[in-house]
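Since the structure comes first, as structure tokens, the remarks are kept for the end.
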């Protein structure tokens, strides 16, 4: 094809080291000359960032509760749209009609061995100006709970993970027909009622243990920033493992004029919990816990409430009654565009949600105001005559808290054009004092790493890269310590629980990042009425210094994505990260094999039986099927091919700027090849074969199909998924192989 | 010498494997024929053990508080002596006059930021029949505290270990002139006021955190067996690192007629604390902790009380006033002898203390009643005409709780004859349901291991060896798991905090064991009024099944020591254990070197500074002198020599029974060669060069002189002590080399 015949520059600027004597480090995707210009652009960008802006927007956006479907949520969307417009963006608000249940009835009472009625309310605090807005606050509840009215004995089941139920079983405790009392933590909360229901529980109560959130961490609010005794964590309990977004409209956007038959009946929506589930405060949990009898909980299950943690069942018996208004509400996404001057058909998307459970200062407004600051600065640059090479799109999503509603429905509505045009998505969801933290696809490692080197930490006046390296050297995981201390490039973090990047990454196959600062805040008030402007200003980011740092960081990432000569994907760290991931997968399967064999041996040779205390009996674990050898070579070979291709590509002559547009068109689509091919059985919503939710924890894992097959001990399925995933990586490598050859003159 | 010319048996019975087809495993030190007879003897011994005896003695001995110097303590000594006499032992009570301070004044009050007066009292409990004996109970206090009246700001200093003060220093907190609030745990309590005083503290308060002792572990007494909120731990705070025993009479027995000038003035006794120190309950600690301000304590310092643990200093300000009656009291040791028929000059000593802080059911009566059961059974055997080959001595020590007073003063009083005659000492100090646990010198490993194989666990009806192996396979340290799972012989445990074996092992150089069962009890009431008969019968060893198991186990050990053809020392596990210990010493020095270098590097390259949170500042650690290479070859060579000698000895022809008496005379003295030579500078009380107290934790460590030099970073001293300790092991090996040669016909 004609457009692929491109001239070649003799300099290797894509991955070039800085020329000797040069003061400036290189920027991936930029020639040295353009790197200098880019840094000048970024300096101008920085000059438009003002902490006072972020503080003012924070105050405005958190002034009243603003959940999806709320009046102030709509006001906020309009306010945000107004800002974007005032900065020159082509802005619109898109509406979706989504399921958002809110409680009509919440009742939790203990009826034996003594009576206690849970308060289920967070008291206003004099020092917190918005905590008294009780009329507009959503009460403490879990969106996605079933309606229900159950009375049953209580069982304490720790985090409610599969291994927790296995431990209960070893102690002869069956949760069938019981209400399980769980603590928050140990994975996405949506899995708690799901797994509880799978084990036969009739209801589920989830409390915030002070160990994770409250006084154990530091002084409770308002003395310190941590969750007060009566504070509780709202949150969605949708099961996001089949799909994200509106429970009633998988695969299609929940646009206002969606045809009647296109919505699932609520009973058919697999993401809605099957049993009633209610979050409670530590103060409401203590009487329940203290009333439990039966065996003392295993040591690792005991939290920080001042009582002996028992397992039950009973004598604590509780009545749990929940009823919801299952209404459709409008979600308002704000979308603001600045068209690219050279390659307007290539889009860089930057998003953050604007809805909150209550006032939501930390979650999500802390990072939303950084996004607004970025957009304002970009607007100022544009007002001065500058235009980005590529199109930049800012998005403020609604309904994230209820299951990524706004982002998913928008992505589904615009799937075709996004598949064609969207080059990268940069997300954030919260920000605080501390070190920078970016999850992301590894092709963007070099981009992020170079940006880290150019942003100055506001506390320490060194690059945020240097600060991150220092923190990880001292406090990181063993792997992080090793890499950081050795001065190696720090890999991006794995994705954790899904947020608004999910539809772009996992459904559409778009390279995504999720970025934020944190680690020095006093928090714990997550999803409570205390996540407020007053709290934020005292305990999270006083002075908005890290709000500015986030704007500088995400702003540079967006500007470099938008301005690079060619899209700044680096395949070498991508290949390296996959090599490590395959190694780790192999190690984890080997460990599972050894652990299975050892456990089975110790059951067979009576070790468990002999070690057991007959006054506190614990049955041996179940004997499990042995883990057969699993041949990872399809993955290993594909990744080795990818590594060779990536290194060859890095060393190959690169096209001249004039050729870059053609190259870009291919790079933009590169990640799409990793989506699950349509011809495979099933029609999964999570199509990305490298990143997807664990069926056990709902957190994002690598090689999800393989991982989930291993987790359910489906060895045949695992072998098949190893082959399929290997083919996807093969395709990616082949695409890479073709890329430089096709672009060399006379080769096309 | 004539008596060393001995005939030689062709069979290797000392370490012989069982002959093929034999049903009975061998017994170390016995010929196969004598092993059969020994097992028959042990079966008869077992037939005299009755759980009801132990229960009755327990009830009698714990009926009233019986600390050293108390009326009931003396009654108990007389009761015990009466039992021994009734069983035919040559019994006497030996009196010592020892320092035992008891409180005249105890006052602890918080004067700012609010007033609170600590209750310092444990309430009687209706369900516990002895808990109301308030007239005779010693109050909550630490024996060995200084008198004092101080008012100062409070600082929380975790366990009060050296590294805890280093952490405070990094947070800019100096404890000079302050009162430190500490929690129990992390080493012997005597180090707490010692280290606090060394850091300039004016006073010291020590509380029982519910994490270690109370509701976190299980239901508090009387619902469960754990320490109630208002329970507290009495205990000695003598600094046992210079010497054990009476603070005023190091090296000499505190006999009643001790010449006036032989006692130290109290001010000159280095083991008495320099500052006032008081133990308190969790209930008394909570208001103090909750009133502390300043930084939040590091995560590892936070216990289970329901408050945020702060460091201070202040605003909590406390007044601590303590005054003691520094009186001499009488300690009454009960000593009961059964003379050996063949080698009466070789003594086997079995001891347990009889004094308690209050009623002392678990500590120490649980194991004392097992010792009594053993003595009764031995008496019954003797009444049937049997006599042991060697002399058996039973001892019930007084004053252990106040610093091993009874055992040490007796050992010092009888040092010369004990040095000549004492072949081994078998100690116990408490017993409970669970698995067997023996600390000891490794020459006794085979003896103990074989006994474990012959005692049946009362719950599981397998050998206690099989049960121990099962528990360690599942729950042991990584080393224990590896050895247990591989079916290897389990090494004896290291000695921990010193108890009554200390003078025999460390001062006199006698092979010692310390044995007990445990792990399935509900305890935590240690050194409180709740360690009672009622508590014991419900939560520690209902039915006294493990009391019988301990009698069977310690009884066999004593009987085999008393009856063996030659003293059953096995040098192969001894050499193996030292080889491992030298390896571990090297690894720990290497780790210290690496950690020092890494820390110094991270201070120098500003890593600590960059990682620090400026709102919660923590200074970098102090730069420390680098750890030079330390040449362990003197130890390695000596241990290699020992290993070769031990293996050669194990394989060598062994003397006939008629020759054994002469061999025994040498074996009996073998351990003495490990005592520190008199010509070395200083005159340490702890003379054993392989086992002695750490100067930091006061727990027994291997190679104490080397270890302590390393801990104080005295590299030259460490090198010297490596040489000295190596020489001691060399001497032991040479002694071993000479042994078989001297005994072979024509070689002497």
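The values are calculated or read from the model by the stated rules, or taken from the named source; none is laboratory data. Quantities reported herein were computed from a predicted structural model and do not represent experimental measurements. So basically every Cβ, Gly included, is an ideal-geometry build from the backbone, and we count neighbours across all protein chains shown.
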Selection count where residues are at pLDDT 70 or above and in a helix (DSSP H, G or I), scope the stretch B:1-60
26
Could you check the stretch B:600-638 and list, in sequence order, the residues that are surrounded by 12 or more Cβ atoms within 10 Å (Cβ to Cβ), within 14 Å of chain A (Cβ to nearest Cβ) and part of a helix (DSSP H, G or I)?
B:600, B:601, B:602, B:603, B:607, B:608, B:609, B:610, B:611
Give the stretch B:487-517 a look and list any residue that's at positive phi and within 14 Å of chain A (Cβ to nearest Cβ), or say none.
B:487
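Of these, A:71, A:123, which one is over 22 Å from residue A:375 (Cα atoms) and not assigned by TED's automatic domain parsing to the domain that holds residue A:221? Outline the logic, then answer.
Values: A:123 fails: not assigned by TED's automatic domain parsing to the domain that holds residue A:221.
Only one candidate qualifies: A:71.
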For the stretch A:695-721, enumerate the residues that are at pLDDT 95 or above and part of a loop (DSSP other than H, G, I, E, B).
A:703, A:712, A:713, A:714
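From the list A:459, A:400, which one is on the phi < 0 side of the Ramachandran plot and either more than 16 Å from the chain's Cα centre (by Cα) or not assigned by TED's automatic domain parsing to the domain that holds residue A:69 (or both)? Talk me through it step by step, then tell me what you get.
Details: A:400 fails: either more than 16 Å from the chain's Cα centre (by Cα) or not assigned by TED's automatic domain parsing to the domain that holds residue A:69 (or both).
Being on the phi < 0 side of the Ramachandran plot and either more than 16 Å from the chain's Cα centre (by Cα) or not assigned by TED's automatic domain parsing to the domain that holds residue A:69 (or both) holds for just one of A:459, A:400, which is A:459.
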Evaluation of residue A:432 against (1) within 12 Å of chain B (Cβ to nearest Cβ); (2) over 19 Å from the mean Cα position of the chain (by Cα) (one fails), failing number:
(2)
Out of (1) in a helix (DSSP H, G or I); (2) within 14 Å of another protein chain (Cβ to nearest Cβ); (3) surrounded by 14 or more Cβ atoms within 10 Å (Cβ to Cβ), the odd one out for residue A:597 is which?
(3)
Could you tell me whether any residue of the stretch A:282-301 is modelled with pLDDT of 95 or more, surrounded by fewer than 21 Cβ atoms within 10 Å (Cβ to Cβ), closer than 30 Å to residue A:242 by Cα and within 14 Å of chain B (Cβ to nearest Cβ)?
yes
Looking at B:426, B:408 in this structure, which one is in the same structural domain as residue B:514 (by TED's automatic domain parsing), buried (at least 24 other Cβ atoms within 10 Å of the Cβ) and out of contact with any strand residue (DSSP E or B) (no Cβ under 8 Å at 6 or more places or on another chain)?
B:408
Quick check on residue B:359: is it in a loop (DSSP other than H, G, I, E, B), assigned by TED's automatic domain parsing to the domain that holds residue B:500, surrounded by 24 or more Cβ atoms within 10 Å (Cβ to Cβ) and out of contact with any strand residue (DSSP E or B) (no Cβ under 8 Å at 6 or more places or on another chain)?
yes
When you scan the stretch B:252-273, how many residues do you find that are outside any loop (DSSP other than H, G, I, E, B), within 20 Å of residue B:407 (Cα to Cα) and touching a residue at least 24 places away in the same chain (Cβ under 8 Å)?
0
Would you check if there is a residue in the stretch A:639-662 being without any contact (Cβ under 8 Å) to a residue 60 or more places away in the chain and crowded, with 18+ Cβ neighbours inside 10 Å?
no
Which condition number in (1) more than 15 Å from residue A:527 (Cα to Cα); (2) in contact (Cβ under 8 Å) with a residue 60 or more places away in the chain; (3) within 12 Å of chain B (Cβ to nearest Cβ) is the one that residue A:225 fails?
(1)
Any idea which of B:603, B:618, B:582 is assigned by TED's automatic domain parsing to the domain that holds residue B:667, out of contact with any strand residue (DSSP E or B) (no Cβ under 7 Å at 6 or more places or on another chain) and within 26 Å of residue B:488 (Cβ to Cβ)?
B:582
For the stretch A:524-553, enumerate the residues that are over 24 Å from residue A:455 (Cα atoms) and within 14 Å of chain B (Cβ to nearest Cβ).
A:524, A:538
Checked against (1) away from chain B (no Cβ under 14 Å); (2) crowded, with 19+ Cβ neighbours inside 10 Å; (3) in contact with a strand residue (DSSP E or B) (Cβ under 7 Å, 6 or more places away or on another chain); (4) assigned to a loop (DSSP other than H, G, I, E, B), residue A:209 satisfies every condition except (1)
Please go through the stretch A:470-486 and give me each residue that is within 14 Å of chain B (Cβ to nearest Cβ), at pLDDT 90 or above and surrounded by fewer than 13 Cβ atoms within 10 Å (Cβ to Cβ), ordered by number.
A:478
Here are the criteria: (1) closer than 22 Å to residue B:617 by Cβ; (2) out of contact with any helix residue (DSSP H, G or I) (no Cβ under 6 Å at 6 or more places or on another chain); (3) surrounded by fewer than 24 Cβ atoms within 10 Å (Cβ to Cβ). Tell me which single one residue A:546 does not satisfy.
(3)
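Yes or no: residue B:567 farther than 30 Å from residue B:139 by Cβ, buried (at least 24 other Cβ atoms within 10 Å of the Cβ), away from chain A (no Cβ under 14 Å) and over 23 Å from the mean Cα position of the chain (by Cα)? Steps first, answer last, please.
Details: farther than 30 Å from residue B:139 by Cβ: yes; buried (at least 24 other Cβ atoms within 10 Å of the Cβ): yes; away from chain A (no Cβ under 14 Å): yes; over 23 Å from the mean Cα position of the chain (by Cα): yes.
It is true that residue B:567 is farther than 30 Å from residue B:139 by Cβ, buried (at least 24 other Cβ atoms within 10 Å of the Cβ), away from chain A (no Cβ under 14 Å) and over 23 Å from the mean Cα position of the chain (by Cα).
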Among residues of the stretch B:447-468 being away from chain A (no Cβ under 12 Å) and in a helix (DSSP H, G or I), the residue surrounded by the fewest Cβ atoms within 10 Å (Cβ to Cβ) is B:453
